[in-house]
Amino acid sequence: MKVLITGISSRLGRMVALELLDGDHQVLGIDRRHWPDAPSGIEMVRADIRKRPAEDVFRKSRPDAVIHLATVTHLSRRTEDRQRINLVGTRTIIEHCATYGVGQAVFVGRHTYYGADAESPLYHTEAEPPMAVTTYPELADLVAADLFAGSALWRVPELDTVVLRMAYLLGPSRAGTLAAYLGGQRVPTVLGFDPLFQFIHEKDAARAIVLALSKRLRGVFNVTGPPPVPLSLLIKATGRKNLPVLEPFFNGFTGRFGLPSLPPGAVNHVKYPVVVDGAAFREATGFEPDFDEIQTMEAFAAVDDRWR
Amino acid sequence: MMRRWVADDEVEAAVDRLDIPFNRYGLDPYGISRDHLVTFFSMLAPFYRNYFKVRVFGAEHIPDAGRTMMIGNHSGGLPVDGAMVLTSLLLDATPPRLGQGMVEKFANRWPFVSHWFSRVGQFTGLPEHAERLLNDERCLMVFPEGARGTGKLYKDRYQLVRFGTGFMRLALSTNTPIVPFAFIGGEEAIPTILHLKRLARMVKAPYIPISPYILPVPLPISCQIFYSEPMEFEGDGTETDEVVLGYVDQVRRRIESLIDEGRQWRRDALDKGIIGAGEEDKS
């Protein structure tokens, strides 16, 4: 199968590309960023997904499937730019898929779209609306992109569209939201709260994406790895120090004193759990994570020790 | 750490016998922690045994395993009844059961309360939680009177207020047996004479109870729990409100008769001197 990965130079993009190469697929990639040591089998185009050169890849190569990873998830990025890339990018991908007869599209989002709130249940299913728009306004464009991607299911019915909502990625690459939060020696938490955190080893995540493709999934699915663990345990197991902060001072502390900078809305995600139910995906694909919670946390901690 | 200081042998043995799938960290998939359970119930056990001297009747009606809904009356004031019923399910049911209360929404917003309740399986009372836990063969504890129930004043003691119907629809759709129970003594333990409404709004609590001696601290009054045999209802939860309300009323009447039985027991026990003076039930 000929698979186009947008955002291929991201950590996850690279892992998905390698996983596809292992499965004897032909891999194409589009990204604004370099991937200096990309394997020779991968055809790279440096372009913005919203621009003409990107469309030319669809026109010339006619991929069988697209994995859309070109979303900006760094919340420190300027909002308008992010919204354009995330929403217009998603729209462009859907349109190109329809125009150039792509058979499958995989959109990869996050489990945090369900939102963390005192009144939100553990184990969100796909039937629930993504409440993060209210609990974490900074995520609004990503939530909208996720819902918009799902609309391809009825707007382009001949395209097999799957939207994946992934638990936090964790692993040796130290990339992603959770890795950034756990990046420093001391991890700020809110005093009196210890929510469950759900994560998946980055290699399992890459494997799950390829599995969604090979099983030709349609629909919206949560993707989970091992069972969730309390934040305090996550901090301890990754060799960090828990720094509980009184809630009124939390946003004042983050971004200073060597602590990670977090957007104001993130405080809910440090107080309350976002735990999703990945049963539908496992049933549809037979997916089982290779890495359990201990191996995943250790994989993250081990690399970091070498870096220090 | 903390556990070593407070751990109670009987509690520890009971927690070890619980039918909960703990992993290597002593955590279940909901984040319920073995260590936290031991600490939590070790702190409640002295209240259960010595302070409220809880007597349990009909513990044999508590199902050994599988999905169960414990449904009872809420006493006014602080939810002493909830804590004591949970302790009785652990210490007086054989085999021990972990009761999982469906907690008022405000509790999860409070620091420490949020942390502890999530580690000992006392989750916010959401239908999603109840349904998932029942399908996982857990034992739920539900007070269908909700905050309307704990908000009762002393003058309204043991008068059941309106029951919600959510619990019955869930029991029908998940095919769960209901074990009605009555908690007696809670109303005398914290006689609530008025509520501070403005202060309650400030801390986002439904009410703050005030007793004749001002502080809402429960008195050391002996309490009793009466469990009834399980009730099962036919249906799938899509029945009309009239049908469901009829079923709810059957549960409610069973609890009322347990309350009558309990209060009669209490009067007899006072006469015979089984429970101490100063615990008169003057109605």
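Readers should treat all values here as calculations from the given coordinates under stated rules, not as data from a laboratory. Computed from a predicted structure; not experimentally measured. Because the Cβ atoms are built from the backbone with ideal geometry, glycine has one as well, and the counts that use them run over all protein chains shown.
Counting Cβ atoms of other protein chains within 10 Å of each residue's Cβ and taking the mean over peptide B:121-128 gives 3.
Between A:LEU243 and A:VAL45, residue separation times 0.36 nm minus the direct Cα-Cα distance comes to 66.9 nm. According to the calculation over all Cα-Cα pairs in segment A:178-227, the P(r) per 10 Å bin from zero is 19, 38, 26, 15, 3 %.
In this simple spin-label approximation, B:THR240 and A:LYS236 carry label points 7 Å from Cα along the Cα→Cβ vector, and these lie 5.6 nm apart. In this structure, B:GLU256 and A:ILE294 have a Cβ-Cβ separation that, at R0 = 45 Å, corresponds to a calculated FRET efficiency of about 0.30. In chain B, helical runs assigned H by DSSP with n ≥ 4 each contribute -39500 (n - 2.57); averaged across all residues and rounded to the nearest 500, the mean residue ellipticity at 222 nm is -11500 deg cm²/dmol. Averaged over the residues of B:105-113, the number of partner chain Cβ atoms lying within 10 Å of the residue Cβ comes to 4.
Against the empirical curve 2.2 N^0.38 Å, the C-alpha radius of gyration of segment A:136-282 lands at a ratio of 1.17. For the residue pairs A:LYS2/A:LYS51; A:LYS271/B:LYS204; A:LYS60/A:LYS203; A:LYS51/A:LYS203; A:LYS236/B:LYS105; A:LYS241/B:LYS105, the alpha carbons lie more than 26 Å apart in A:LYS60/A:LYS203; A:LYS51/A:LYS203; A:LYS236/B:LYS105; A:LYS241/B:LYS105. Estimated purely from DSSP H runs of n ≥ 4, each contributing -39500 (n - 2.57), the mean residue ellipticity at 222 nm for chain A is -10500 deg cm²/dmol once divided by its residues. Arrange the following residues from fewest to most other Cβ atoms within 10 Å of their Cβ: A:LEU213, A:LEU191, A:LEU262. Ranking A:LEU213, A:LEU191, A:LEU262 by Cβ neighbours within 10 Å, fewest first, gives A:LEU191, A:LEU262, A:LEU213. Distance between the pseudo-spin-label points of B:GLU137 and A:THR99 (7 Å out from Cα toward the beta carbon): 5.7 nm. For chain B, the share of alpha carbon pairs falling in successive 10 Å distance bins from zero is 6, 28, 37, 23, 5, 0 percent.
For the protein assembly as shown, what is the convex hull volume of its Cα atoms per residue in Å³?
167 Å³
The equivalent ellipsoid of chain A has semi-axes of 32, 20, 19 Å, largest first, where each one is the square root of 5 times an eigenvalue of the Cα gyration tensor.
Using only side-chain charges placed at the Cβ, +1 for Lys and Arg and -1 for Asp and Glu, the dipole size of segment A:2-307 relative to its Cα centre rounds to 960 debye. Taking 20 Å as the cut-off, the amide N atoms of segment B:227-246 that come nearer than this to a point 7 Å along the Cα-to-beta-carbon line of B:GLU10 belong to B:227.
Working value for segment A:9-75: equivalent-ellipsoid semi-axes of 17, 16, 11 Å, each the square root of 5 times a Cα gyration tensor eigenvalue, largest first. Can you give the % of DSSP beta bridges in chain B that are antiparallel, to the nearest 5? Looking only at bridges with both residues in chain B, the antiparallel portion is about 35 percent. Using r as the Cβ-Cβ distance of A:ALA302 and A:ASP24, and R0 as 41 Å, what FRET efficiency do you calculate, to the nearest 0.05? The pair A:ALA302/A:ASP24 has a calculated efficiency of 0.85.
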